[in-house]
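Here the structure is laid out as structure tokens; the discussion comes afterwards.
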Amino acid sequence: MTRTSDEPGAITIEDPVILTENLSVSYEGHQVLEKVNLCVRKGDWYAIIGPNGGGKTTLIKAILGLISPGSGKIRVFGQDPKDVRERIGYVPQYQTFQYAFPIRVREVVFLGRMGRMKGLFQRYGAEDSRAVHEAMARMRIEHLADRSISTLSGGERQRTIIARALAGEPDLLLLDEPTVYVDDLSRDIFFSSLTRVRETCTVLLITHDISVVHAHVTKIACLNTRLFTHDSDQITDEMVAQSYGCPVDLITHGDIPHRVLERHNRKEADEC
Amino acid sequence: MLEILEYSFFTNALLAGVLASVVCGIIGSYIVVRQMVSVSGGIAHASFGGVGMGYWLGIDPLLGAFCFSGIAALCTGWLMMYARQQFDSLIGVIWAGGMAIGVVFIAITPGFAPDLFTYLFGNILLVTRTYLIIMGLLLFVVIAIVVVLYHRLLAVSFDQEYSQSQGLAFMALNLLMLLLIVIAIVILIRVVGIILVIALLSIPASTARQYAGSLHQMMIYAILIGIFCSTVGIWLSYLWNIPSGATIILVALVVYLLSILQKTLVLRRYRDIMRYRNDS
Ligand SMILES: Nc1ncnc2c1ncn2[C@@H]1O[C@H](COP(=O)(O)OP(=O)(O)OP(=O)(O)O)[C@@H](O)[C@H]1O
Ligand SMILES: [Mg+2]
């Protein structure tokens, strides 16, 4: 069942939200992505798992147009990634700013509206305030609105960053391990609040947290230089073994915590 | 005491101090939060090459300084993009290179260079009315740019990668930032001189940072601290007949040290309270 690319020539009603064709990226001669064919459709919750250094963050940066591909094609909403940036929300894996910067939580969340500003002289308006307020309410950080970010805990900071992405009311969310520093309650609230925007928002999620994958996603792929895709939301042992390159223990959520091991046959894995 | 205000050079100096403090409060805050202190130091020192060239060509050395620091800023912008690895050492090259060019120009200029010390160490008591007007106009340009682009400059200063992902023209904004720094440096050369410019840009802003929760608050605090330090500094330099630029910087340093002391004392008191609570 595992293939290295999406079915070619499949009949589509709508343009895919993200489409990469034979995308290859290398850093100084070191191949990080090789012929990646990713197709994310509208309404998908697409999870990508894979080992450290597998190229997940690199893929997201290529989709954002932050790094240019060595070869291959990237289309987002059928266009060049650079032309649709204001429709994309982004939660980076690492906090890419200094903690000590003098800025308040509310101001950080407002920066999520920046991409929508047209022209040099436009200022934030009532619509921006409403979206910012909603995003802060969703991530439960309203009580922190006037705090300086240097006084926040790691998880509170991360929730601020997620709120910043939500404030832009994006059509596509790129989440690079968004909930690593976040407690279980906030994580569940985050994902269930995303469920509410499901009709309008497509999600590409990178995670090592398999329980999240099981609970929310519609499609899953493994990335280790090459992309191993699968139609359903099932993680199979082959996929994992292929992409991680070794047997991996996965403990997933469910009534009884269970493991998926490389030696398991297909039937057992499906029963999980 | 107040009769010295009747001397126009003295009121000019005080006014120049206020204008310089506003520039330093705004641009200095960006420099401090963006960790561009050494970059700005490099650009400021490189401007000495322009001062030397000004003497040699027989034009206003400040005009030369403006050209040289502009070129240095462009080089810096380019290095920021393409040579992140050796950035720090390359700033040193710009810094020393500009100074060396200036020294050579002055050596080959026939005769001796009048007011050379004014360019190196500043003399706020020599500021003329014309110069004040030019300062005021440049300051107006700086304030207008910062007010209009405040949120965009905040975005690129705070999180470069994210603002790039949002399609902000971050390269253009970074170059604009460097241009603002160049304007600030040229305004300040008369006041504190090339060598001390960086101190005036960074010290009041660093003091303000300890108390500010947001960038605009930091700017306002830094402006107020700057006005206090320059006024006290000018007054002391007049009273004791010592160089004004250095005196202003020393006053700013004392204020900075006091603020650190106050902060650590507050912190210690807080720790004592916590310890007391834990013990009981
Ligand atoms: N700027 C860079 N210069 C050179 N090599 C890089 C750079 N960024 C990433 N790499 C390399 O590219 C590979 C993929 O990196 P990437 O960050 O995409 O991995 P990842 O899948 O996100 O891993 P993780 O799970 O640790 O976040 C790694 O081997 C890394 O060393
Ligand atoms: Mg990563």
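Below, the figures for the structure above:
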| quantity | calculated |
| --- | --- |
| Failed criterion for A:Glu107 (all others in (1) within 18 Å of A:Ser186 (Cβ to Cβ); (2) buried (at least 22 other Cβ atoms within 10 Å of the Cβ); (3) of a type outside the set (A, V, I, L, M) hold) | (1) |
| Residues that are within 9 Å of another protein chain (Cβ to nearest Cβ) and modelled with pLDDT under 90, drawn from the range A:65-88 | A:Gly65, A:Leu66, A:Lys82, A:Asp83, A:Val84, A:Arg85, A:Glu86 |
| Scope the range A:157-211; condition more than 14 Å from chain B (Cβ to nearest Cβ) and within 16 Å of ligand 2 (Cβ to nearest atom); matching residues | A:Glu177, A:Thr179, A:Val180, A:Tyr181, A:Leu205, A:Ile206, A:Thr207, A:His208, A:Asp209 |
| Search result, residues across the range A:53-86 that are part of a helix (DSSP H, G or I) and in contact with a Leu (Cβ under 8 Å, 6 or more places away or on another chain) | A:Lys56, A:Thr58, A:Leu59, A:Ile60, A:Ala62, A:Ile63, A:Leu64, A:Pro81, A:Arg85 |
| Residue within the range B:156-169 that is more than 7 Å from chain A (Cβ to nearest Cβ), at pLDDT below 90, in contact with a Lys or Arg (Cβ under 9 Å, 6 or more places away or on another chain) and surrounded by fewer than 21 Cβ atoms within 10 Å (Cβ to Cβ) present | yes |
| Count of residues meeting criterion [outside any helix (DSSP H, G or I), in contact (Cβ under 8 Å) with a residue 40 or more places away in the chain and within 16 Å of A:Thr207 (Cα to Cα)] in the range A:141-179 | 6 |
| Condition check for B:Ala252: assigned to a helix (DSSP H, G or I), at pLDDT 95 or above and within 14 Å of chain A (Cβ to nearest Cβ) | no |
| Meets criteria (surrounded by fewer than 16 Cβ atoms within 10 Å (Cβ to Cβ) and either within 16 Å of ligand 2 (Cβ to nearest atom) or modelled with pLDDT of 85 or more (or both)) for A:Tyr94 | yes |
| Pair list, Cβ under 8 Å, 6 or more apart: the range A:46-74 residue within 21 Å of A:Val84 (Cα to Cα), other residue among the basic types (Lys, Arg) | A:Tyr46/A:Lys219; A:Leu64/A:Arg85; A:Gly65/A:Lys82; A:Gly65/A:Arg85; A:Ile67/A:Lys61; A:Gly72/A:Lys35 |
| Selection status of B:Leu224, surrounded by 21 or more Cβ atoms within 10 Å (Cβ to Cβ) and over 16 Å from B:Gln35 (Cβ atoms) | no |
| Extreme residue, nearest to the other protein chains (Cβ to nearest Cβ), among residues of the range A:35-52 that are within 16 Å of ligand 1 (Cβ to nearest atom) and outside any strand (DSSP E or B) | A:Leu38 |
| Breaking point among (1) more than 8 Å from chain B (Cβ to nearest Cβ); (2) in a loop (DSSP other than H, G, I, E, B), for A:Thr96 | (1) |
| Which listed residue, of A:Arg187, A:Arg196, is more than 15 Å from ligand 1 (Cβ to nearest atom), closer than 20 Å to A:Arg140 by Cβ and at pLDDT below 75 | A:Arg196 |
| In the range A:56-90, the residues that are within 13 Å of ligand 1 (Cβ to nearest atom), touching a helix residue (DSSP H, G or I) at 6+ places or on another chain (Cβ under 7 Å) and β-branched (Val, Ile, Thr) | A:Ile63, A:Ile67 |
| Odd one out for A:Leu111, checked against (1) at the interface with chain B (Cβ under 9 Å from one of its Cβ atoms); (2) at pLDDT below 85; (3) farther than 14 Å from A:Leu152 by Cα | (2) |
| Complete set of residues in the range B:85-103 that are in contact (Cβ under 8 Å) with a residue 24 or more places away in the chain and either outside any helix (DSSP H, G or I) or not hydrophobic (A, V, I, L, M, F, W, C) (or both) | B:Asp88, B:Gly92, B:Gly97, B:Gly98, B:Gly102 |
| Of the criteria (1) in contact (Cβ under 8 Å) with a residue 60 or more places away in the chain; (2) surrounded by 16 or more Cβ atoms within 10 Å (Cβ to Cβ); (3) not in a strand (DSSP E or B), which one A:Gly89 fails | (3) |
| Qualifying residue in the range A:122-138 (condition: under 30 Å from A:Gly29 (Cβ atoms) and either within 10 Å of chain B (Cβ to nearest Cβ) or free of Cβ contacts under 8 Å to residues at least 24 places away in the same chain (or both)) | no |
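The values are calculated or read from the model by the stated rules, or taken from the named source; none is laboratory data. Bear in mind the structure is a predicted one, so any value in this text is a computation, not a measurement. Using ideal geometry, Cβ is built from the backbone for each residue, glycine included, and neighbour counts are taken over all protein chains shown.
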